[in-house]
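Everything below concerns the one structure shown next.
The values are calculated or read from the model by the stated rules, or taken from the named source; none is laboratory data. None of these values were measured; they are calculated from a predicted model. We place every Cβ from the backbone using ideal geometry, glycine too, and count neighbours over all the protein chains shown. The area values use the complete protein model at the heavy-atom level, side chains included, leaving out ligands, DNA and RNA. Shrake-Rupley method; radii C 1.70, N 1.55, O 1.52, S 1.80 Å.
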Amino acid sequence: MAIRRMHASQLDQVTEIWLQGNLSAAAYWHGQRKTVNAQLAQAEIYVHEGADGAADGFIGLQGDLIAGLFVREDARGKGIGRSLLDHALKLKKDVCLRLCVYEKNERARRFY
């Protein structure tokens, strides 16, 4: 397993992880897939790769902001989110990272 900057070839995988993460929170995002795909292509994204090299989670950063952290549903509970968060903390060790969490996303609130 490894954490590294997103490769262009992983963009669709990252977008799919984002979509699955958001579908459970709000159906609104389904119609925003193309817009988000374009935004993710320009963002500072780090992916967690499983043994097969496929992205199973990602964290997006904007300066000192954690813009998003998503783990594929079937990969949750395996420490991937923690690994991504630890990676971000190492990258941004000179700043205090901040984030916003959707109030009704209980799982995310418990994680953070």
Bridge orientation stat for the chain from DSSP, antiparallel percent rounded to 5, came to 90
For a quick check: with amide H placed at 1.01 Å from N, whose amide H comes under 5 Å from GLY57's, ignoring anything fewer than 5 positions away on the same chain? HIS48, ARG72
Additional length obtainable on full extension of the chain from ASN37 to ARG110, 0.36 nm per residue less Cα span: 23.5 nm
Would you calculate, for the chain, the mean residue ellipticity at 222 nm contributed by helices, counting each DSSP H stretch of 4 or more residues as -39,500 (n - 2.57) and dividing by all residues, to the nearest 500? -11000 deg cm²/dmol
Taking only the alpha carbons of the chain, what extent do you get along each of the three principal axes, in Å, biggest first? 37, 32, 27
Using alpha carbon centers only, segment 55-112 is separated from segment 23-40 by a whole-angstrom value of 18
Each residue of segment 96-112 in turn: what ³J(HN,Hα) in whole Hz from Karplus with 6.51, -1.76, 1.60 and θ = phi - 60°, glycine and Pro shown as x? 8, 6, 10, 7, 10, 10, 4, 3, 8, 8, 4, 4, 5, 4, 5, 4, 6
Reachable aspartates and glutamates from LYS104, Cα under 19 Å, same-chain residues fewer than 8 places away excluded? GLU73
Interchain or long-range residues, amide H under 5 Å from GLU44's placed H: LEU61
Under a crude label model (7 Å from the Cα following the beta-carbon direction), how far is ALA8 from LYS93 in nanometres? 3.2
How about LYS92: which lysines have a C-alpha closer than 24 Å to its C-alpha, ignoring those fewer than 8 places off in the same chain? LYS78
Can you list which of the GluC sites (Glu not before Pro) found in segment 67-112 are DSSP loop residues with at most 15 other C-beta atoms within 10 Å? GLU103
Peptides ranked, highest mean first, by Cβ atoms within 10 Å: ranges 14-22, 37-45: 14-22, 37-45
Leaving ligands, DNA and RNA out of it, report the carbon-plus-sulfur percent of the accessible area of the chain at a 1.4 Å probe. 50
Does segment 60-112 come out rounded, prolate or oblate by the C-alpha gyration tensor, with a ≥ b ≥ c the root eigenvalues, rounded set by a/c under 1.5 and, if not, prolate when a/b is larger than b/c and oblate if not? oblate
